[in-house]
Structures are given as C-alpha cells and as structure tokens.
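Here is the structure we will look at, set down as structure tokens.
Please treat every number below as a calculation from the coordinates, not as lab data. Everything quoted here is computed from the prediction, not taken from an experiment. Virtual Cβ from ideal backbone geometry, glycine too; neighbours counted across all protein chains shown.
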Amino acid sequence: MILTDTQILAERKLGHIVITPFNRKYLGSNSYDVHLGEWLALYKDEILDARVHNKVHYFRIPKEGLILVPSKLYLGVTEEYTETHRHVPFLEGKSSIGRLGIDIHATAGKGDIGFCNSWTLEISVRQPVRIYAGMPIGQLIYFEVNGEVATPYNKKKSAKYNKKTGKPVESMMWKNFL
C-alpha cells in the first residue's frame, strides 16, 4: 500500500521518514515533491566501462538556468536529503517534467529501507530544454512492507551509495567486479 499525506506526516513525526528540508506545501495526497539541487555532473569520458570507475566532472547550474541536450546523460541530485527506515521509497518524475521531455531516472527509481541520502538523478532529455536549480523535479512515494528487514541499506557493508555528498554520485558498478 502507498502512504497517504496524513500517514507520511505521521511517519515523519515518528522519525521513520526524514525529509530535509521539508515544506508542507510540497506534500501531495500520496507523495512528496522533491526539487533539483544546484549540482550536476557529466562523465569525463565519452565511452563508459562497467568494470572501471568512470569519473565525473561536477558543475553548478547557473542562476539563468542550463540547457540540457539529448546527446548527454546528466547526473543530478535532489535538494532534499531523505531517510526511510520502515518504508520503500520510489522516486518518480512529475508529469510536468515528463511533458517537457525530461526523464529523471533510467532504472533507479526505487530506494531501499535504510536509504539515507539525497537522490542521484539520471537525467536525459528528448529535446533541448532549460532547467533551473530548485525546480520541482520528482515525487517520492512511500510503500508499506510486509515483514522485518534483516539488514537495512545503511547497515550493509556492500552498500555502494551510503556516502553523503550533496552532489550526484556516479555509477559504482565497477565495485561489483572487485
């Protein structure tokens, strides 16, 4: 089951869901709107290799915005830092973003119980479009789970995305080959 607005608020009060910063006006009937942070990243190499650490170049979105182009994969980050201790969070793009031809994730829309971080966005566009830091970019939806979790994500030794940076995080697939 998906949590409603009143349940999201109740779970926040209990500390089971953390959203920072939090603003009540971004709470929908059954989701919470998240916003594009100021940092983007592009891979330094044109050809990526799943077995090696592909490095990225970080840059800030200027106040006048930035035009994204279809030939690039941009890594973005949410302004919001989140923690989810009893629910499975899903990040979906807002319909207004989709109608601009912006996809915010290729395959990584689901978080794990115990995920404590900002969300890295895998942004691609259908045609050139100007984006701005702080714009609504997606919505978090929380699902109830059945049963106890043996090892939350933030306690797993194999977790690759626990380091809090405030910037987008590049693929750590290469760690699977170690």
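Rounded to whole Å, the principal axis extents of the Cα atoms in the stretch 88-178 read 43, 33, 21, largest first.
By a straight-distance test (C-alpha under 15 Å), which aspartates and glutamates pair with K44 as possible cross-link partners, with residues fewer than eight away in the same chain excluded? Reachable aspartates and glutamates: E170.
Across the stretch 103-115, computed HN-Hα scalar couplings (Karplus, 6.51 cos²θ - 1.76 cosθ + 1.60, θ = phi - 60°) run 9, 9, 7, 8, 9, 9, x, 9, x, 10, 4, x, 5 Hz from first to last residue, x flagging Gly and Pro. Fewest-first ordering of T6, T120 by other beta carbons within 10 Å of each residue's beta carbon gives T6, T120. In terms of its C-alpha gyration tensor, the stretch 1-66 comes out prolate, because a/c is 1.5 or above and the ratio a/b outweighs b/c. When the listed pairs K94/K160; K110/K175; K94/K157; K72/K155 are checked against a 29 Å cut-off, the alpha-carbon distance exceeds it for K94/K157; K72/K155.
Close amide H contacts of Y81 (hydrogens built in the peptide plane, cut-off under 5 Å, sequence separation of 5 or more or a different chain): T20.
Over the alpha-carbon set of the stretch 29-122, divide Rg by the Kirkwood Rh and report the Rg/Rh ratio to two decimals.
Using Cα coordinates only, the ratio equals 0.97.
Over the stretch 106-156, the ratio between the Cα radius of gyration and 2.2 N^0.38 Å evaluates to 1.53. Neighbour counting of Cβ atoms within 10 Å sorts the residues I123, I2, fewest neighbours leading, into I2, I123.
Close amide H contacts of V56 (hydrogens built in the peptide plane, cut-off under 5 Å, sequence separation of 5 or more or a different chain): K44.
Here is how the number arises for the chain: DSSP H runs of 4 or more residues each give -39500 (n - 2.57), the sum is divided by the residue count, and the result at 222 nm is -1500 deg cm²/dmol.
When each of the peptides 133-143, 22-32, 57-67 is scored by the mean number of other C-beta atoms lying within 10 Å of its residues, the order from highest to lowest reads 133-143, 22-32, 57-67.
Taking the centroid of alpha carbons for each part, the stretch 116-146 and the stretch 54-94 are 6 Å apart.
Computed on the Cα trace of the chain, the radius of gyration divided by the Kirkwood hydrodynamic radius gives Rg/Rh = 0.97.
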